[in-house]
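Every number in this text was worked out from the coordinates using simple rules, so none of it is lab data. Nothing here was measured: the structure is a model prediction, and the numbers come from that model. Cβ sites come from the backbone with ideal geometry, for glycine too, and all protein chains shown count toward neighbours.
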């Protein structure tokens, strides 16, 4: 249920970004609308890194589902279009999430350094206590 709600909210933001209320969910998965989709993701997520990642994986899943639907319907042209769109998405995945990755990397690095300092401090205390008792 959450996935469909997210997809619906993304569609609304996609229509807003494209300034066209007649666009469908299928058209989100077209290469010619990729810039509008990118804008819609930014509008929807509003600097929420985890939501942006979830939306990205949701779009990839939607690509797989629609490709399957098109193949079942013997519509190879649209299946190829979705496959090409997913290739573009994969190429730009890092750029879409770049700011979030930079933020996550800085936080992860700081957490690692804090843990490392804590461990070194504890090891030093253990070493000192052993030396005092010897």
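Between residue 77 and residue 50, what is the label-point separation in nm under the 7 Å Cα-to-beta-carbon projection?
4.4 nm
If neighbour count is taken as other Cβ atoms inside 10 Å, put 82, 88 in order from fewest to most.
Starting with the residue having the fewest Cβ neighbours, the order is 88, 82.
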